[in-house]
Amino acid sequence: MKLSWKPYTLQLRHVFAIANSSRTETPVVLTQIEHEGVVGYGEASLPPYLPETQESVSRFLEKVHLEAFGDPLQLEELWEYLDGVEDGNMAAKAAVDIALHDLAGKLIGQPWHRLWGLNPEKAPATTYTIGIDTPNVVREKTEEVAADFHILKVKLGRSESEDKAMVEAIRSVSDLPISVDANQGWKTARQALDMIGWLHEKGAVMIEQPMPKHDLENMALVTAESPLPIFADESVQGLQDVAKLAGVFSGINIKLMKCGGLREAWKMANLAKCLGMKVMIGCMTETSCAISAASQLSPLADFADLDGALLISNDCFSGTKIMNGKICLSHRPGIGLDV
Ligand code: MG
């Protein structure tokens, strides 16, 4: 197996703002793994609030030697090797793991959702994210997209008045269900529960990461009292975090760039379900490569936030599509790319 890669810069359609940053570009690294003429594709997405960069991914990938592995289907051994190359570097690991899964699926001749026994008809609607902005812009953006989606996602976690103004602006033009991502923005359990109660009345259906990621004690209080399911995002990175979050959150948001790719994501989803937790599949701004990979798991998710490729203007892949707001998996093998 031969690994190669190149840096690529995603251009965002709109300035993208969350609680403490905004940007117009996202750097990524695109990977390829070739084996006997078959090529698997992968991607590392590197938003600026996370520590990895195109340079750090390149440095990591230079240390990955797949030549010694003869069988691309031995994904467990390949993951153990990859994860042991160096600590961290989860997006870089995801870029290799996704390409390995694409390659393995192509060699078998099936897409991963089929290999995992999942029904593509069960893939949920994806949320569409309305970024933080002035009420006028929020109203405009919501009007622009409301007819094409079944559920909106809103980024909150600033002041109470700003948060409420965002939601009221959406509600002035749409009654779609809203999923709320507070990105750790609420500081006390009381503040979080007051906002969640208000949001519940406004038609919110779930809350992501209301409080700081390490404050599990107060998170558990919020989850116990909340009328809405509470999902971990920043509090859950990989497989090692899932078991300790049972009873603290109602569910987990799995992202390939956090956990190192599909092998770990699949295990996380199954462990969460065993623990009676809900599953959400999320993304960064990514091309259709990483989105198509994540979407393979989406039939077992309660919520999916896979709008990443819709937010960019220079997607260089085509695969899983969002049609009428629903995730439509392709029948192509591997991660389902159409190259
Ligand atoms: Mg989040």
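The values are calculated or read from the model by the stated rules, or taken from the named source; none is laboratory data. Not measured: the values here are computed from a predicted model. Ideal geometry is used to build each Cβ from the backbone, glycine not excepted, and the neighbour counts take in all protein chains shown.
Laid out as a table, the results:
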{"quantity": "Checking GLY247 against (1) within 16 Å of the ligand (Cβ to nearest atom); (2) over 19 Å from GLN184 (Cβ atoms), the condition it does not meet", "calculated": "(1)"}
{"quantity": "Which listed residue, of LYS258, LYS321, is more than 16 Å from the ligand (Cβ to nearest atom) and either surrounded by fewer than 20 Cβ atoms within 10 Å (Cβ to Cβ) or not assigned by TED's automatic domain parsing to the domain that holds LEU82 (or both)", "calculated": "LYS321"}
{"quantity": "Checklist (1) farther than 29 Å from GLU160 by Cα; (2) touching a residue at least 60 places away in the same chain (Cβ under 8 Å); (3) within 16 Å of the ligand (Cβ to nearest atom) applied to ARG263, failing item", "calculated": "(3)"}
{"quantity": "Enumeration of residues in the range 45-81 that are assigned to a helix (DSSP H, G or I) and closer than 24 Å to LEU306 by Cβ", "calculated": "GLN54, VAL57, LEU75, TRP79"}
{"quantity": "Among the residues listed as GLN74, GLN11, GLN32, the single one being among the polar types (S, T, N, Q), over 22 Å from the mean Cα position of the chain (by Cα) and not assigned by TED's automatic domain parsing to the domain that holds ASP307", "calculated": "GLN74"}
{"quantity": "Pairs with Cβ under 6 Å, 6+ apart, first in the range 173-200 and within 14 Å of LEU221 (Cα to Cα), second of a type outside the set (A, V, I, L, M, F, W, C) and surrounded by 15 or more Cβ atoms within 10 Å (Cβ to Cβ)", "calculated": "TRP186/PRO210; ALA189/ASN218; ALA192/PRO210; ILE196/SER226"}
{"quantity": "LYS255, sole failed condition from (1) under 11 Å from GLU43 (Cα atoms); (2) in contact with a Cys (Cβ under 9 Å, 6 or more places away or on another chain); (3) among the charged types (D, E, K, R)", "calculated": "(1)"}
{"quantity": "Pairs, first closer than 17 Å to SER292 by Cα in the range 81-99, second polar (S, T, N, Q), C-beta under 6 Å, six or more apart", "calculated": "ALA95/THR31; ALA99/THR31"}
{"quantity": "Among the candidates LYS106, LYS155, residue that is in contact with a strand residue (DSSP E or B) (Cβ under 6 Å, 6 or more places away or on another chain) and under 25 Å from VAL15 (Cβ atoms)", "calculated": "LYS155"}
{"quantity": "Any hit, the range 172-188, residues being surrounded by fewer than 19 Cβ atoms within 10 Å (Cβ to Cβ) and among the basic types (Lys, Arg)", "calculated": "yes"}
{"quantity": "Those residues of the range 232-244 which are away from the ligand (no atom under 14 Å from the Cβ) and surrounded by fewer than 22 Cβ atoms within 10 Å (Cβ to Cβ), in sequence order", "calculated": "GLY238, LEU239, GLN240, ASP241, ALA243, LYS244"}
{"quantity": "Matching residues, the range 145-160, being more than 20 Å from PRO124 (Cβ to Cβ) and either among the acidic types (Asp, Glu) or at pLDDT 95 or above (or both)", "calculated": "GLU160"}
{"quantity": "Residues being touching a helix residue (DSSP H, G or I) at 6+ places or on another chain (Cβ under 8 Å), polar (S, T, N, Q) and farther than 21 Å from SER179 by Cβ - total across the range 302-339", "calculated": "2"}
{"quantity": "Members of the range 269-310 that are surrounded by fewer than 22 Cβ atoms within 10 Å (Cβ to Cβ) and either within 14 Å of ASP102 (Cβ to Cβ) or touching a Lys or Arg at 6+ places or on another chain (Cβ under 6 Å) (or both)", "calculated": "PRO299, ASP302"}
{"quantity": "Per-region count, the range 20-58, residues under 26 Å from LYS153 (Cβ atoms) and surrounded by fewer than 17 Cβ atoms within 10 Å (Cβ to Cβ)", "calculated": "10"}
{"quantity": "Qualifying residue in the range 193-205 (condition: within 16 Å of the ligand (Cβ to nearest atom) and surrounded by fewer than 19 Cβ atoms within 10 Å (Cβ to Cβ))", "calculated": "yes"}
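Okay, residues lined up against (1) under 18 Å from PRO124 (Cβ atoms); (2) at pLDDT 95 or above:
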site	(1), (2)
GLY261	no, yes
CYS274	no, yes
LEU311	no, no
GLY319	yes, yes
CYS328	yes, yes
